Each structure stands twice: as C-alpha cells, then as structure tokens.
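The values are calculated or read from the model by the stated rules, or taken from the named source; none is laboratory data. Everything quoted here is computed from the prediction, not taken from an experiment. Every residue, glycine as well, gets a Cβ built from its backbone with ideal geometry; the counts of neighbours run over all protein chains shown.
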Amino acid sequence: MSILIENPEQTEQLALVIGEVAQPGDNLVLTGDLGAGKTTLTKGIARGLGIDQMVKSPTYTIIREYQQGRIPLYHMDVYRVEFGASELGLDDYFEGDGLSVIEWGNTLKEALPQDYLELIINKDESDVEKRTIDFQTFGPQATAFKERILLKLACCQ
Ligand SMILES: Nc1ncnc2c1ncn2[C@@H]1O[C@H](COP(=O)(O)OP(=O)(O)OP(=O)(O)O)[C@@H](O)[C@H]1O
Ligand SMILES: [Mg+2]
C-alpha cells in the first residue's frame, strides 16, 4: 500500500509516528532518489523516539548511534557501500535492541536485514513538496511494524 504526502509537515507527522511505535529490533529501509526525504524522515523518527540531539546524515561514517531515546536509534547511510557490505557487521545492529534506519538499504542486497519494512519515497514531477510513500514488508516483524504505524496515523490525523 502507499500513502500520499502533501508537504514536509506531513512527512514529519509520519516520521514522529514511526518513532513513537518502533520496537526493539525493528528495521526500516528508506529508498528514494537524492533529495527524496530519507534524512528528513530519519530526523523526525529520532524526535518521535525522544532524541533531541541533532541527527546528521552519516554519509561518511556509515552509521551513527543515538542512545538517549526510548530505544536506541541506529542510523545508517550505505550509499557508498558497494562491496563487502556483509563484513560491516550490520547484522549486530539489525538484531540489536534498537531501531535501525537504513538509507539506501536496498543497495545491500544479500546483506539486508532478515526482516525489514521498506519505505519507497517517490517525488512528484509537478509539485516539489509532494511524495508518494510505498510500504513494502519483508517478514512478520515488518508487517506488525507497518500495522502499528498505520493504526496510529489513522487515529490522530
Ligand atoms: N514532503 C516532503 N518530505 C520531505 N522532504 C521534503 C518534502 N518536500 C520538500 N522536501 C525537501 O526535500 C529535501 C529532502 O532532503 P533529504 O536530505 O531528506 O533527502 P535524502 O533522501 O536523504 O537525500 P540523499 O539521498 O541526498 O541523502 C529537503 O530539502 C526537504 O526540505
Ligand atoms: Mg540522506
């Protein structure tokens, strides 16, 4: 299924909800072109988790860890990781006690988490603020995660 986003405020709203309902070991892969809104979404997720520290894109570090929220946030950007992804030890994060958010995660291929929710963010050709976000689930934990997100979005909008 997919949802329509009209402006950055709605992206923020979705992100807050994701941060509020995330459970330990949930994995979220963010897919979308440059400037689609992957980092913007991650910043809102951090706020939803109760993290007030500034979230910066981990492009040059691959991973940034935030421990001060309700559960840990592991923010990864694997745009530049092509070879040897399986040697990075990302599985320890994927199976850990936090929420892993992986920008460009679809490039990991066989090093992807076993169970993950993928959000595919598509820009609109005619409106710079519009997005379509497609939800794809890979595994039962992802399905439960998606359902918690949609339930909370519907209840409070
Ligand atoms: N509805 C929207 N949701 C999210 N961002 C939006 C929206 N409308 C406009 N924007 C703008 O689009 C840009 C998204 O940038 P962001 O860094 O989050 O993208 P990204 O997907 O992480 O890109 P990159 O692949 O380069 O890391 C921001 O400048 C933001 O203000
Ligand atoms: Mg980014």
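From the residues in the stretch 97-107 that are away from ligand 1 (no atom under 16 Å from the Cβ) and not in a strand (DSSP E or B), which one is surrounded by the fewest Cβ atoms within 10 Å (Cβ to Cβ)?
97
Return the only residue of 11, 61 being in contact (Cβ under 8 Å) with a residue 24 or more places away in the chain and within 14 Å of ligand 1 (Cβ to nearest atom).
Just a single option satisfies the conditions, and that option is 11.
Quick grid of which residues meet (1) at pLDDT below 95; (2) out of contact with any Phe, Trp or Tyr (no Cβ under 9 Å at 6 or more places or on another chain); (3) of a type in the set (A, V, I, L, M, F, W, C):
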residue	(1), (2), (3)
38	no, no, no
52	yes, yes, no
64	yes, no, no
67	no, yes, no
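I'd like the residue in the stretch 18-63 that is under 14 Å from the mean Cα position of the chain (by Cα) and at positive phi and, out of all such residues, is surrounded by the fewest Cβ atoms within 10 Å (Cβ to Cβ).
Ranking the candidates gives 25 first.
Against the condition at pLDDT 95 or above, crowded, with 17+ Cβ neighbours inside 10 Å and of a type in the set (Ser, Thr, Tyr), how does residue 132 come out, does it pass? Let's see the steps before the verdict.
Numbers: at pLDDT 95 or above: yes; crowded, with 17+ Cβ neighbours inside 10 Å: no; of a type in the set (Ser, Thr, Tyr): yes.
Criteria not met by residue 132.
Are there any pairs, at least 6 apart or on different chains, whose C-beta atoms fall under 6 Å, with the first in the stretch 82-96 and surrounded by 12 or more Cβ atoms within 10 Å (Cβ to Cβ) and the second at pLDDT 85 or above, and if so, which?
85/108; 85/111; 86/111; 93/74; 93/100; 94/27; 94/100; 94/113
Which numbered condition trips up residue 24, out of (1) assigned to a loop (DSSP other than H, G, I, E, B); (2) of a type outside the set (D, E, K, R); (3) in contact with a helix residue (DSSP H, G or I) (Cβ under 7 Å, 6 or more places away or on another chain)?
In the conditions (1) assigned to a loop (DSSP other than H, G, I, E, B); (2) of a type outside the set (D, E, K, R); (3) in contact with a helix residue (DSSP H, G or I) (Cβ under 7 Å, 6 or more places away or on another chain), residue 24 misses (3) alone.
Taking the stated definitions as given, is residue 69 of a type outside the set (A, V, I, L, M), buried (at least 17 other Cβ atoms within 10 Å of the Cβ), within 19 Å of residue 144 (Cβ to Cβ) and away from ligand 2 (no atom under 13 Å from the Cβ)?
Numbers: of a type outside the set (A, V, I, L, M): yes; buried (at least 17 other Cβ atoms within 10 Å of the Cβ): yes; within 19 Å of residue 144 (Cβ to Cβ): no; away from ligand 2 (no atom under 13 Å from the Cβ): yes.
Against the criterion (of a type outside the set (A, V, I, L, M), buried (at least 17 other Cβ atoms within 10 Å of the Cβ), within 19 Å of residue 144 (Cβ to Cβ) and away from ligand 2 (no atom under 13 Å from the Cβ)), residue 69 does not qualify.
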